[in-house]
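The values are calculated or read from the model by the stated rules, or taken from the named source; none is laboratory data. Predicted, not measured: the structure shown is a model, and the values here were computed from it. Because the Cβ atoms are built from the backbone with ideal geometry, glycine has one as well, and the counts that use them run over all protein chains shown.
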Amino acid sequence: MKSLSVPAPAKINLFLEVLGKRPDGYHELETVMQETSLADTVELEESDSGIELTCTEPEIPCDERNLAWKAARVFQEESGIKRGVKLHLLKKIPTAAGLGGGSSDAAAVLKGLNTLWGAGLADEVLMAMASRIGSDVPFFIKGCTALCKGRGEIVQPIETRQRLFYVILYPEIRVATTSIYNSLKIDLTKGLKDANFFVKAFLSGDPDSFGKLLFNRLEGVTLGLYPELRKTKALLESYSPCGVLLSGSGSAIYALCNKRREAERIREELTRQGFKKTYVVTNLESLEPA
Ligand code: C5P
């Protein structure tokens, strides 16, 4: 039986603006996402029929509620290939953290089945399948860094070779994305932040400059609902990194750092403060050595 292992990286949002609510209930977004070196691994093994799923985390459901399972079903339906697969998720990415773990696992299943079953489908076809699974899933098909629009499914890659370092802190609070969007009050009298302005600053390459422009419209909602996260953010800011931001709808908060050793220093401070889930990560596309 053929088998395959596919990495499923976590994302962070460097910028996220909500342009408005759509008739379909979703929100119109402009968001810059970047894949990081924190990653799950998805193992796929051919089987005669059906979709079987196992996972290293006992609390994660292993049925059709899991986006990885759903991805296998969507791939079968859309490709017409009705073979079976055994999926195993080796989880490293915290769940309900705003790091896109479930979405990335789903994208890894689509890419993995495309290879395992020799379907040879183009990325664009996989991205159309991905958008049926969840708003963040299409981003992970090509990954790296991208400006994502619409529900998140319109993906414009951003070419960067810069190596950036981050400390990600998972405060062990599970945040439901839907509840954050439901609590968001869209006030169109407040100026909208401009994604292109952020992208320009980002491409200029200086973390000290674009770090000040990191922005997430959902942050105020999540910090309002979980006041302890305000303290966590303030703590990270007290170490003076280039910028600090909540990722997605949270609860993970990250600090953008100039150098790996600055990120390591902040991580040590956080460990001393009693935080157990902290990660020093880099983005994936740089050509420079880590
Ligand atoms: O697309 P996905 O199922 O990942 O989205 C989860 C939830 O997040 C949706 O049910 C919706 O409440 C919210 N959402 C949104 N607008 C988006 C993306 C997600 O309102 N663009």
Scan (1) modelled with pLDDT of 95 or more; (2) more than 16 Å from the ligand (Cβ to nearest atom); (3) charged (D, E, K, R) for the single condition K82 breaks and write down its number. (1)
Selection from the range 195-214 of residues that are in contact (Cβ under 8 Å) with a residue 12 or more places away in the chain, out of contact with any strand residue (DSSP E or B) (no Cβ under 6 Å at 6 or more places or on another chain) and part of a loop (DSSP other than H, G, I, E, B): G205
Go through the range 14-25 and report how many residues are within 12 Å of the ligand (Cβ to nearest atom) and surrounded by 14 or more Cβ atoms within 10 Å (Cβ to Cβ). 4
Would you check which residues across the range 146-175 are within 16 Å of the ligand (Cβ to nearest atom), in a loop (DSSP other than H, G, I, E, B) and in contact with a helix residue (DSSP H, G or I) (Cβ under 9 Å, 6 or more places away or on another chain) and list them? R151, G152, E153, V175
Condition (residue is touching a helix residue (DSSP H, G or I) at 6+ places or on another chain (Cβ under 7 Å), closer than 25 Å to G101 by Cα and part of a loop (DSSP other than H, G, I, E, B)) applied to the range 178-189: is it met by at least one residue? yes
Scan of the range 86-107 for residues that are more than 16 Å from the ligand (Cβ to nearest atom) and surrounded by 24 or more Cβ atoms within 10 Å (Cβ to Cβ), ordered by number: L87, L89
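Return the residues of the range 260-290 that are modelled with pLDDT under 95 and either of a type in the set (K, R) or exposed (fewer than 13 other Cβ atoms within 10 Å of the Cβ) (or both); say none if nothing qualifies.
Across the range 260-290, the qualifying residues are L287, E288, P289, A290.
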Within the range 216-234, how many residues turn out to be among the hydrophobic types (A, V, I, L, M, F, W, C), in a helix (DSSP H, G or I) and within 15 Å of N182 (Cα to Cα)? 3
Residue that is surrounded by the most Cβ atoms within 10 Å (Cβ to Cβ), among those in the range 26-62 that are small (G, A, S) and either in contact with a helix residue (DSSP H, G or I) (Cβ under 9 Å, 6 or more places away or on another chain) or assigned to a strand (DSSP E or B) (or both): A39
Take the residues of the range 109-136 that are of a type in the set (A, V, I, L, M, F, W, C) and over 16 Å from Q76 (Cβ atoms): which is nearest to the ligand (Cβ to nearest atom)? M127
When the range 156-202 is checked residue by residue, the ones that are at pLDDT below 95 and within 20 Å of T145 (Cα to Cα) are E159, T160, R161, Q162, R163
Can you find a residue in the range 115-123 that is within 15 Å of E45 (Cα to Cα), of a type outside the set (G, A, S), outside any loop (DSSP other than H, G, I, E, B) and over 11 Å from the mean Cα position of the chain (by Cα)? yes
